[in-house]
Amino acid sequence: MHPRLAQFLSVVCHPLLMPTYLFGLLMYVTPVRLNVDTYSVKAQASILLLLFIGTFMVPSMVIYYLYRTGRLADMTMPERTDRKWPMLLTGLIYTVVTYLFAFRMNLLSDTSPQLAVVLGAITLSILLVAIISLYWKISAHTVGIGGVLGVVLALMAKYGDTDLFVPLVGLLALSGLVATARLQLNAHTLGQVLAGWGLGVLVSSLAVFGLI
């Protein structure tokens, strides 16, 4: 894989973008699983925008603040030790977002349980990455893509949503590309990439199977 393609994939498939991609996919392909099938397109877009702000914009601004104030040497966090505060603060932000969708957003009361379960699984994955990163540099990128894959796989297995088959195949291919990209950039070892992917798939699929 060309280094430029590897860098492009790493940016486009950044872990903080995965929730937006996932909920966008589910709203478009199987909106019934989020109880948004009766919502207007505008209402669905509003939900997705709120999720994007909470799961990408806010954490990104916090990480940028850490960088600008010298508390973070490199925003790409090439070293394991760089991850401590960005990961912990991101996990805290995701916890707040999950809480808001579950208990405080009356407008979205019908969708809150499903959204909260998936967001909760994502939050747990981030916190686990933060803890593991204290000792070992597990791949957050493959945790992210693995989490999306795990949700889609679990929904297909549990409900037989055949409309998710093509996205599932695409996600499997994308998982391989992202893993290859991280290896190409020497960001991780093979073990760190595989462990991240396995963690993402396991946490998200168990959450969906058990709670949705």
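Of THR69, THR20, which has the most accessible area and how do the rest follow, probe 1.4 Å?
Working: THR69 60, THR20 25 Å².
Largest accessible area first, the list is THR69, THR20.
Whenever you get a sec, line up HIS14, HIS141 from highest to lowest accessible area (probe 1.4 Å, protein heavy atoms). Spell out each step's value before the answer.
Values: HIS14 65, HIS141 20 Å².
Reading off the accessible areas and sorting them downward yields HIS14, HIS141.
What percentage of the solvent-accessible surface of the chain, computed with a 1.4 Å probe over protein heavy atoms, is contributed by carbon and sulfur atoms?
Numbers: 7430 of 10680 Å².
The computed percentage sits at 70.
In square nanometres, what is the average projected area of the Cα convex hull of segment 75-193?
On the way: hull surface 33.8 nm².
Mean projected area for segment 75-193: 8.5 nm², to one decimal.
Among 58-68, 24-34, what's the highest-first ranking by average C-beta atoms within 10 angstrom per residue?
Values: 58-68: 15.4, 24-34: 17.8.
Answer by packing, highest mean first, reads 24-34, 58-68.
Any idea what diffusion coefficient segment 1-137 gets from Stokes-Einstein, in µm²/s, Kirkwood Rh on alpha carbon pairs, 37 °C, 0.692 mPa s? Please list the in-between numbers first.
On the way: Rh = 16.1 Å.
The diffusion coefficient I find is 204 µm²/s.
So, in Å, what gap is there between the alpha-carbon centers of segment 172-200 and segment 1-52?
The two parts, judged by their Cα centres, are 20 Å apart.
Let's test this: bin the Cα-Cα distances of segment 129-187 at 10 Å from zero up to the farthest pair and state each bin's percent.
22, 41, 27, 10, 0
Got a sec? Which residues in segment 39-80 would a label at LEU211 touch, if it sits 7 Å along Cα→Cβ and we count backbone N under 18 Å?
From segment 39-80, the list is 51, 55.
Less than 27 Å apart at the alpha-carbon level, and either on another chain or at least 8 residues along: which lysines does that give for LYS137?
Here the lysines satisfying the reach criterion relative to LYS137 are LYS84.
On full extension of the chain, what length is gained from LEU5 through PHE103, given 0.36 nm per residue of separation minus the C-alpha to C-alpha distance?
31.2 nm
In Å², and per residue, what accessible area does the chain have when probed at 1.4 Å with the other protein chains present? Walk me through the numbers on the way to the answer.
Values: 10680 Å² over 212 residues.
Value returned for the chain: 50 Å² of accessible area per residue.
Scan the chain and note any complete DSSP helix (H) whose C-alpha atoms cover at least 20 Å along its axis and whose Kyte-Doolittle average is 0.5 or more. It would help to have the intermediate numbers written out before the result.
Working: long enough: 84-99 (23 Å, 0.92); 112-132 (29 Å, 2.25); 140-159 (28 Å, 1.47); 165-184 (28 Å, 1.58); 190-211 (32 Å, 1.73).
Qualifying helices: 84-99, 112-132, 140-159, 165-184, 190-211.
Using the crude model of +1 on Lys and Arg Cβ and -1 on Asp and Glu Cβ, and no other charge, please compute the dipole size for the chain relative to its Cα centre, in debye to 20. Intermediate results must be reported in sequence, preceding the final value.
Numbers: 12 positive and 7 negative charges, 94 e Å.
Dipole magnitude for the chain comes out near 460 debye.
What is the extension gain from TYR28 to MET75, computed as 0.36 nm multiplied by their sequence separation minus the C-alpha to C-alpha distance, in nm to one decimal?
Values: separation 47, 0.36 × 47 = 16.92 nm, distance 3.22 nm.
Fully extending the segment from TYR28 to MET75 adds 13.7 nm.
With a point put 7 Å past each Cα toward its Cβ, work out how far THR38 is from HIS14 in nm, to one decimal.
A separation of 3.7 nm, rounded to one decimal place.
The values are calculated or read from the model by the stated rules, or taken from the named source; none is laboratory data. Values in this document were obtained by computation on a predicted structure and should not be read as measured data. With ideal geometry, Cβ positions are generated from the backbone for all residues, glycine too; neighbour counts draw on all protein chains shown. What goes into the accessible areas is simple: the full protein's heavy atoms, side chains included, and nothing from ligands, DNA or RNA. Shrake-Rupley method; radii C 1.70, N 1.55, O 1.52, S 1.80 Å.
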